[in-house]
Amino acid sequence: MENESGKRTKRFNGDGSITLRKDGRWMVRITKGFRADGKRNVITRYAHSEKEAKKLLKLLRVQLETRKIGAPGMTLNEYMGQFLELYKKNTIKDVSYDTYETVFENHIRNTIGYKKMSEVTKDDIQRLLNEKKETRSYATLSKIRVLLNMCFKHALEDDIVFKNPVTGTRMPNRKELIVQKRNIDILTQNEIEAIKRFALGEEKDEIAREFAPAFLLMLNTGLRKGEMMALTWSDVDEEGKVLHVRRTMTAVLNRNRREGEAKVRITTSEPKSESSRRSIPLNKMALKALELLKDYRQNPEAEEEYLLHGRKYEMVSQEFLYRAFDHILREGVGDKYIHHGLHVLRHTFATKALRAGVEIADVSKILGHSSVSVTYNTYIHVVEEQKRLVVDKLEQIL
C-alpha cells in the first residue's frame, strides 16, 4: 500500500501502520476503537527512524491490548509517565523533555502522583504549589503547573477525567516566595583587567592563550556560555563586524548509552526562542578577541570549525571552560580571587551597557531576551540606579 508521497506504508498484522512522510519522519497510526459519530478514533505518533517507529507501534499495540491507554483506574504517575513517553518524547526537543521528566520525578511522583487520575482535585494541586513555594523558585512552580495542565488536558480528551483540576488554581504571588532571585553578580574592574591582560598575551600562560580571548569576546557581546561553545567561524562576519548566533550547546540525557559512554550527551540545537537567534555588532575589543582566537586555530581553512574546540575539532567541554575561567581569575587577582560562574560575563556586559546609557530595548535585543520586560526585571537595580543619576543631574541643572 502506498501513501500520497509514493512511499510504501508498512502494516504489521493489520494492526496499525507505519508511513514514511515527505519530511523524512515516520508516521505511526493505530486505531483505538470508534468515536460517538462512528468514525475511527485514530492515534497518530511520529518517529525519526523506521526502527524507532516499529518500537513505538509495538508499544502502542501492547498498551491497547492491555487496556492501559485511557484505563480509568490509572494513577497520575502511570498516566503522566505514559503521556510523556508517547506524546512528548518524539515531539519536543530532548532538552525540553529532560526538563519535563525532571519536574515529574522531583515534584509530582512522590507528592500527588500516587492518587488516581479521577481523584486528583484542584485543592491537591493548589496545596502542592503552596508547599513548593517555600523552597522553590517561581520558574519551577510554573513548570509544575504547566506539566500538570498538559497532562490533565490530554486526560480530558481521553475521557479519564470529567474536568481539568488545574483550571482554577493560581500561581503564588512572586512576593510570597521564600526563594527569591539571586543578586546579579558582576566582575570588578580588577577582574576585567585581568581577563584583558591574559587575553592580550601580557601574561605568558598557555591556558589563557587558548581560552581568555573567548572570555573577552563574551564580555563584549553578552553571549551565553552555550552560545559561545556552539559558535563556528561561519558565524563570524569580520568585514561586517557582526556575530551571528544561530545555535547553542545543549546537554541532554544519553538514554540509549552503551557501557562506558557518558550519561549526558553534548550537542548543538537551534536557540530556544526566535529572539535568541540574533546578530550582535562587534566592537574593537570583540574583533581583537576574534583575531586572537583565529591565531590559535589549528585549521584556518575550516569555516565549520568551532571557535573553541578539542583535539579532534569537537566542541570543547564545559568543564574546560569553568576550569580555565577560574584559573585566569585566580592567577589574575591573587588573594582577591572569588569564584564566579561564566554567566557573570553576560551580567557584566549588560550592567556596563546600561550604566553607559545604552537604551534597555537595545540591550535586550543584544542579549536575546524574549522581551524588554525580562531585561528590566533582571537588571531593575541598574535601571533604578540610572534613574537616580538622572534626577541628581537635573537637580544640578535646575
Legend entry - Subset of segment 189-223 (residues that are outside any helix (DSSP H, G or I), at pLDDT 95 or above and open to solvent by 40 Å² or more (accessible area, probe 1.4 Å)): none
Inset, instruction - Enumerate the pairs (first residue in segment 47-67 and closer than 12 Å to I30 by Cα; second residue anywhere and open to solvent by less than 100 Å² (accessible area, probe 1.4 Å) and at pLDDT below 75) with beta-carbon separation below 6 Å, excluding pairs fewer than 6 apart on the same chain, so at least 6 apart or on different chains. - result: R61/D15; Q63/I69
Inset, instruction - Can you confirm whether segment 349-363 contains a residue that is of a type outside the set (G, A, S) and under 19 Å from the mean Cα position of the chain (by Cα)? - result: no
Inset, instruction - Within segment 229-269, track down each residue that is of a type in the set (G, A, S) and open to solvent by less than 70 Å² (accessible area, probe 1.4 Å). - result: A230, S234, G240, A251, A262, S269
Inset, instruction - Name the residue, out of T375, T348, that is surrounded by 11 or more Cβ atoms within 10 Å (Cβ to Cβ), under 21 Å from Q189 (Cα atoms) and in contact with a helix residue (DSSP H, G or I) (Cβ under 7 Å, 6 or more places away or on another chain). - result: T348
Legend entry - segment 243-287, subset modelled with pLDDT of 85 or more and basic (K, R), residue farthest from D98 (Cα to Cα): K284
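Out of all the residues in segment 77-101, which are over 21 Å from E157 (Cα atoms) and among the small types (G, A, S)?
First pass over segment 77-101, keeping only residues over 21 Å from E157 (Cα atoms): 93-99, 101.
S96 - this is the single residue of segment 77-101 that is over 21 Å from E157 (Cα atoms) and among the small types (G, A, S).
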Legend entry - Tally of residues being assigned to a helix (DSSP H, G or I), over 16 Å from K288 (Cα atoms) and not aliphatic (A, V, I, L, M) across segment 224-234: 4
Inset, instruction - Go through (1) within 30 Å of K54 (Cβ to Cβ); (2) outside any helix (DSSP H, G or I) one by one and return the number of the condition N110 breaks. - result: (1)
Legend entry - Scope segment 270-290; condition of a type in the set (D, E) and either buried (at least 18 other Cβ atoms within 10 Å of the Cβ) or without any contact (Cβ under 8 Å) to a residue 24 or more places away in the chain (or both); matching residues: E274
Inset, instruction - Using the structure shown, decide if K143 is part of a helix (DSSP H, G or I), open to solvent by 50 Å² or more (accessible area, probe 1.4 Å) and either at pLDDT 95 or above or under 26 Å from N256 (Cβ atoms) (or both). - result: yes
Inset, instruction - Please verify whether segment 90-98 includes one or more residues that are more than 27 Å from the chain's Cα centre (by Cα), open to solvent by 40 Å² or more (accessible area, probe 1.4 Å) and at pLDDT 85 or above. - result: no
Inset, instruction - Output yes when any residue across segment 118-138 is open to solvent by 40 Å² or more (accessible area, probe 1.4 Å), under 21 Å from K163 (Cα atoms) and in contact with a helix residue (DSSP H, G or I) (Cβ under 8 Å, 6 or more places away or on another chain), and no when none is. - result: no
Legend entry - Of residues in segment 1-50 being among the charged types (D, E, K, R) and open to solvent by less than 90 Å² (accessible area, probe 1.4 Å), the one modelled with the lowest pLDDT: K10
Inset, instruction - Output the residue which, of all residues in segment 294-308 that are open to solvent by less than 70 Å² (accessible area, probe 1.4 Å) and out of contact with any Asp or Glu (no Cβ under 9 Å at 6 or more places or on another chain), is modelled with the lowest pLDDT. - result: A302
Inset, instruction - May I ask you to say which residue of V103, V166 is surrounded by 17 or more Cβ atoms within 10 Å (Cβ to Cβ), in a loop (DSSP other than H, G, I, E, B) and at pLDDT 90 or above? - result: V166
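The values are calculated or read from the model by the stated rules, or taken from the named source; none is laboratory data. Being a predicted model, the structure only gives us computed values, none of them experimental. Every residue, glycine among them, receives a Cβ derived from its backbone with ideal geometry; neighbour counts consider all protein chains shown. SASA here: full protein model, heavy atoms, side chains in, ligands and nucleic acids out. Shrake-Rupley method; radii C 1.70, N 1.55, O 1.52, S 1.80 Å.
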